[in-house]
1. Quick check, is Val81 in contact with a strand residue (DSSP E or B) (Cβ under 8 Å, 6 or more places away or on another chain), in the same structural domain as Ile24 (by TED's automatic domain parsing) and surrounded by 19 or more Cβ atoms within 10 Å (Cβ to Cβ)?
2. Can you tell me how many residues in region 295-310 are more than 17 Å from Ala339 (Cα to Cα), assigned to a loop (DSSP other than H, G, I, E, B) and not hydrophobic (A, V, I, L, M, F, W, C)?
3. Testing Ser241 on (1) hydroxyl-bearing (Ser, Thr, Tyr); (2) modelled with pLDDT of 85 or more; (3) over 29 Å from Phe352 (Cα atoms), one condition comes back false. Which one is that?
4. Select, from Gly358, Gly380, Gly328, the only residue that is assigned by TED's automatic domain parsing to the domain that holds Met493, within 20 Å of Asn491 (Cα to Cα) and assigned to a loop (DSSP other than H, G, I, E, B).
5. What single numbered condition from (1) modelled with pLDDT under 90; (2) surrounded by 14 or more Cβ atoms within 10 Å (Cβ to Cβ); (3) within 51 Å of the chain's Cα centre (by Cα); (4) not basic (Lys, Arg) fails to hold for Gly5?
6. Kindly indicate whether Phe131 is closer than 13 Å to Val81 by Cα and not β-branched (Val, Ile, Thr).
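The values are calculated or read from the model by the stated rules, or taken from the named source; none is laboratory data. All of these numbers come straight from a predicted model, not from anything done at the bench. Neighbour counts are summed over all protein chains in view; Cβ atoms, including those assigned to glycine, are modelled from backbone coordinates with ideal geometry.
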Amino acid sequence: MARRGAARAGNDGFAEFAARHLFIRDKTGSVVPLKLNAVQRLVHARIVDQRARTGRVRMLVLKARQPGVSTYVEGRFYWLVTRGKGVRAFILTHLRDATEAIFEMVERFHDRNPAEDKPHVGASNAKELHFDETDSGYRVGTAGSRAIGRGYTVQFFHGSEVAHWPNGGAFPAVAHENALDKLTMMVQELSGRLTRSLRFPVSDPVSLSAVTPNAESRANRYLAFDANGAPVATAGPAGDSAIPVSPFMETMLDDPDVATARTTLGLGSAAALDAQSVGDGDLLREDGDGSNLAGVWTTGDMKLTLKVTADPGWIMCDDGTIGNASSGATTRANADTEALFTLLWDNISDSFAAVSGGRGGSATADFVAGKTIGLPKTLGRALAVSGTGSGLSPRSLGEVLGAEDAVVVAHDHEAGTLVAGSGGDHAHTVPGWTSGTDVVSGFPHSSDNERESSSPSTFSGGAHTHTIFGTTSSEGGTGTGANMPPTSFLNAMVKL
């Protein structure tokens, strides 16, 4: 039991034996231990698994060129033959050169096997290696003769390059290979179809049928699944629902028409229009008109435009008035102006949205009475945002102010004589004079009549003034100057 469990795990001892006892010549010509590569490990695992499940091995290997499958098989057969008694292995190849190469590989296995208990060779030739102590042997042959292998009982057989064997009989090698190619293509096509098909998980019971109802039974019906998970055709929700759906989806599926479904989904009137997204969550009708899309534009919204005629549901901002049909309003006199009339009445003072005849008790009362209300003044004006900016004066909603030109106010200058004032008492220095106790010509000098270098000072006569001749002009000029920066002028319209 332990040995079979190890076999099922992919470990029957051959891989370890090969790494320690079998030597091969690699593609560089070096003799190295046989350590299984990826392809050899895959073949090995399949062989071990099949042996554990069935007690035998039957394997057909379709492979690329020289992945090492033949090397693996010859090494495994050598391992089996040298461990058993009365067992024989036979390898049949398609060419004599291949036969000789395989037998050379087997001889190398035995000659370089370092095990002291390896079996003794009783007879050896170009086609057979016989172990006399165990009555086991290893033989190779070349396909071509109908009698090849007859009379030789074998336990292990390896057919190499079977597709190229001559004398295939009723089932020639070329037919075998063509059939396998066709089968491979069929499997690939079937695999592609299965990948794109609706499939049950492999964990489902094998008794579960995946066959759908016939065309007549499923026509104009929903595909659903019964309590066992099998496909069925159903007419859809009816009452408490004949198929499993969420409560919300059930309210959708039983809606009789599109309008009802829109109401169920809470889409509102915008869903009734043929609309498409234009980015950033905005909607646009297919005809390019976004004016009537609920939630996109609402009463009082304004937009700049190069149009001269208002869109449906809008009016041009022309400094006119609005009111009901009997109001005589200049911009629009119609019942559809009531929402905008009320908005202006509530939000803008009468100073900037004047109501004809003065404001009454409410917007509704004034509208019903046929009064008009003025639109905010926009023509020829720059637009700004109401409120109180930091360090700025407060501005009311709808307020208008400013002038197109700047006026220079007339002003006067007083005529008269310009007078320069003095700085008070001060002294003037006279360079080149001497000082002393005597006086010469009114200036002091020393008693020994020697002059000393000094700078006597004169004295002022007190505060005085200096007169500057000339007069100033008696008055300044008046006039106006442009007060407008570079400006572009567009039209504006407001939503009713």
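1. Details: in contact with a strand residue (DSSP E or B) (Cβ under 8 Å, 6 or more places away or on another chain): yes; in the same structural domain as Ile24 (by TED's automatic domain parsing): yes; surrounded by 19 or more Cβ atoms within 10 Å (Cβ to Cβ): yes.
When the stated conditions are applied, Val81 passes them.
2. 2
3. (2)
4. Gly380
5. Of (1) modelled with pLDDT under 90; (2) surrounded by 14 or more Cβ atoms within 10 Å (Cβ to Cβ); (3) within 51 Å of the chain's Cα centre (by Cα); (4) not basic (Lys, Arg), only one is false for Gly5: (2).
6. Values: closer than 13 Å to Val81 by Cα: yes; not β-branched (Val, Ile, Thr): yes.
Judged against the criteria, Phe131 is a match.
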